[in-house]
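The values are calculated or read from the model by the stated rules, or taken from the named source; none is laboratory data. The structure displayed is predicted, hence computed values, not measured ones. Cβ: placed from backbone, ideal geometry, glycine included. Neighbour counts: every protein chain shown.
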């Protein structure tokens with residue numbers, strides 16, 4: 001009856017009609033790519049699943065000005081990059097390393113949320129280091145070509161922060 005290609009060209013939607021009962025239905029055809037197995041931190045291997053990336057991103061962008069479409073597009077970019085590697089296995093860390101720079105460009109608060117779980121920060125020092133790298137636009141997940149702006153105006157008021165300790169009872 002009718003055939004349409006999706007916006008990103010990854011699937012075909014077909015509107016069909018049953019010959020025996022004349023009932024209409026829709027089918028979706030998607031190219032099945034051979035995706036690598038993901039090696040989890042505990043050594044288990046499981047098939048790559050883009051929806052897991054999307055779910056993690058949705059938790060990170062909760063109450064942030066990021067749309068579901070942006071999350072889906074980011075997850076699709078990561079899936080395509082991993083597919084293009086042509087490897088049979090990839091560590092979960094390798095997947096996360098491909099998510100972080102894209103998320104950083106999309107929303108810095110969501111980036112820190114995602115990084116805090118992905119990197120398993122155990123204390124505030126981990127957060128502080130990541131925030132400092134974000135402020136300086138450096139660190140392992142800086143966008144390619146991004147360099148810290150060394151102009152005095154760009155530095156702003158960056159006074160050293162010392163932790164506040166509660167007063168001792170006495």
Against the conditions (1) in contact (Cβ under 8 Å) with a residue 60 or more places away in the chain; (2) in the same structural domain as residue 131 (by TED's automatic domain parsing), where does residue 61 fall short? Just the number, please. (1)
Within region 1-23, the residues that are exposed (fewer than 10 other Cβ atoms within 10 Å of the Cβ) and at pLDDT 85 or above are 18, 19, 20, 21, 22, 23
